[in-house]
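First up is the structure itself, then whatever we jot down about it.
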Amino acid sequence: MAKLVLIGSGLAGGLLAAYLGRRGYDVDLYERRADPREGNIVGGRSINLAISTRGIHALEQIGIAEEALQHAIPMRGRMIHDRSGELHFSPYDVDPKKCINSIGRAALNTTVIEAAQRYPNVRVHFNHKCTEVYLESASARFETAEGAVTARGDAVIGVDGAFSAVRKSMQSQIANFQYDESYLAHGYKELTTPPGLDGSWRMEKNALHIWPRKSFMMIALPNPDGSFTCTLFWEFEGPRSFATMKTDDDVRSFFDEEFPDAVPLMPTLLEDFQNNPTGSLVTIRCAPWFYRDKVCLVGDAAHAVVPFYGQGMNAAFEDCVVLDECLELFPESRERAFTEYFRRRKQNADALAELAIANFIEMRDKTASKTFRAKKKLDHALEAALPGIYLPLYTMVTFTRTPYTKAAKRAQIQDALVYACLLIIAAILVAALLWLVAT
């Protein structure tokens, strides 16, 4: 069986190594960071995630879903926080059993790495920073504490994130390689709401909390220890932005005005704001995702998206499922498998990128609107009245495995039909009123 060199042992890298190990490949998985099981977690960077149907399905296929989800916290909907402190709960789905799950990155990363290591043909190497990939020879060069080393295989698979070293090598070695990266004007900063003195959650545990403020917002996801990980999404520059927060008084004044109900729950607000990095939000598109039968990209390395649909990790896990299916479909031709994987996933990754940006606008601008909440209630009413026929976009993306492109197109058709029906009903009512007045 072929030898595969995987670069990046993050969430998708660990999971893919498990899939490939199960399929019998000889796998060497390399990671630039130290072993996450030793507590080497970078503070202020995406501590927890939202896993839903697509991601759970990928874990189920390798037999680790129950193990991975044992510490996850179900979130049944969005809890909207007005400036006044008034709360509005909006369920994700008409079925209360359909939830997204807040899950710790470190715990999930440990689970997938250990799943991969259960296969004797999978080896994991930490503290190996990839500096170059040589496409023709399917080899990679790494920097380690002991010096540079080279790994060779029959193929190299890049699962090394948005700023992928594997993709960078493809850019420099493949003529006409297509690459585009676009950044939002907004950045993000992670903050913390600690648990109560008795270890309890000080806000509703089973909800994703949102403080929508038109051009910016803050969200909070629950953690098993009773804390919440909060993330402020705000413009980098402008008259009111990260750039204008010069002093502790500036920060305190801003939070007191915009998030008055959250401030009493955040005793380390000033320290967190000053010490945690301000991250950027990037969308990356590229093509092709493979080079012959030698190199392939998976997850954020191929299609990084902004986090506002909670689908980045879920989509990367779905990549692992699809690539595994394609390798099974074409066992004698890895290039055909890579080609089919790219064909199936590229258009869906592009569709997700658009959906994620649109959902940012929805979360920050629309969730506080009575009209928006009314539309959500209508969606749920139609879903209940027409089961299997009418499915809201969020439901299709989050609670089914419908391809992202099909979900987006179906939602457009549904919305057009709903608005047309509402216009017809309105026209009939107006005509009826006019008739009554005339008679």
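The values are calculated or read from the model by the stated rules, or taken from the named source; none is laboratory data. In this text the structure is predicted, and so the values were computed from the model without any measurement. Please note: Cβ atoms are built from the backbone with ideal geometry, for glycine as well, and neighbour counts cover all protein chains shown. Quick note on the areas: whole protein, heavy atoms, side chains included, nothing else; ligands and nucleic acids left out. Shrake-Rupley method; radii C 1.70, N 1.55, O 1.52, S 1.80 Å.
A Förster distance of 22 Å, applied to the separation of the beta-carbon atoms of Phe236 and Ser84, puts the FRET efficiency at 0.20. The GluC sites (Glu not before Pro) found in the range 42-148 that occupy coil by DSSP, while having at most 12 further C-beta atoms within 10 Å, are Glu86, Glu136, Glu146.
Under a Gaussian network description of the chain, with springs only between Cα atoms under 10 Å, the residue in Lys346, Lys129, Lys97 that fluctuates furthest is Lys97.
How large is the direction-averaged shadow of the alpha-carbon convex hull of the range 118-161, in nm²? Write down the numbers at each step before the final one.
Details: hull surface 15.4 nm².
Mean projected area for the range 118-161: 3.9 nm², to one decimal.
The label point for Lys246 and the one for Asn275, both projected 7 Å from the Cα toward the Cβ, are 2.5 nm apart.
Sorted from longest to shortest, the spans of the Cα atoms of the range 240-299 along the three principal axes equal 57, 23, 19 Å.
Here is how the number arises for the chain: DSSP H runs of 4 or more residues each give -39500 (n - 2.57), the sum is divided by the residue count, and the result at 222 nm is -12500 deg cm²/dmol.
When the chain is modelled as a GNM with alpha-carbon springs shorter than 10 Å, which of Ile56, Ile284, Ile425 fluctuates the most? Of Ile56, Ile284, Ile425, the most mobile in the Gaussian network model is Ile425. Computed over every Cα-Cα pair of the chain and binned at 10 Å starting from 0, the pair-distance distribution P(r) comes out as 4, 20, 29, 25, 15, 6, 2, 1, 0, 0 percent.
Report the calculated FRET efficiency for Glu354 and Thr439 (r = Cβ-Cβ distance, R0 = 35 Å), to the nearest 0.05. Walk me through the intermediate numbers first.
Numbers: r = 51 Å, r/R0 = 1.45.
Computed FRET efficiency for Glu354 and Thr439 comes out at 0.10.
Note on Ala384 and Arg336: the extension gain reaches 13.0 nm, defined as 0.36 nm multiplied by sequence separation minus the Cα-Cα distance. Counting only protein heavy atoms and a probe of 1.4 Å, the accessible surface of the chain is 55% carbon and sulfur. With R₀ fixed at 56 Å, the C-beta to C-beta distance from Ser137 to Thr110 puts the FRET efficiency at about 0.95.
Taking 19 Å as the straight-line reach from the Cα of Lys377, the lysines in range (excluding those fewer than 8 positions away in the same chain) are Lys97, Lys98, Lys366. Of the residues Leu433, Leu108, Leu69, the one with the largest accessible area comes first in the ranking Leu433, Leu69, Leu108, computed with a 1.4 Å probe on protein heavy atoms. Extending 7 Å from Cα along the Cβ direction at Gln171 and again at Leu417 yields two label points whose distance is 4.4 nm. Compactness of the range 1-122 was expressed as the Cα radius of gyration divided by 2.2 N^0.38 Å, which yields 1.28.
The GluC sites (Glu not before Pro) of the range 268-370 that DSSP puts in a loop, and whose beta carbon has at most 16 other beta carbons within 10 Å, are Glu332. Annotation: lysines with alpha-carbon distance below 25 angstrom to Lys3 (same-chain offsets under eight excluded): Lys129, Lys168, Lys294. When you restrict to C-alpha pairs under 8 Å that are six or more residues apart and normalise by the size of the range 352-439, the relative contact order lands at 19 percent.
Contour minus end-to-end for Arg33 and Lys375, with contour as 0.36 nm per residue of separation and end-to-end as the Cα-Cα distance?
Working: separation 342, 0.36 × 342 = 123.12 nm, distance 4.52 nm.
Value of the extension gain: 118.6 nm.
For the chain, the solvent-accessible area of protein heavy atoms averages 45 Å² per residue (probe radius 1.4 Å; ligands and nucleic acids excluded). When the residues Thr439, Thr247 are ordered by accessible surface, computed with a 1.4 Å probe over the protein chains alone, the sequence from largest down reads Thr439, Thr247.
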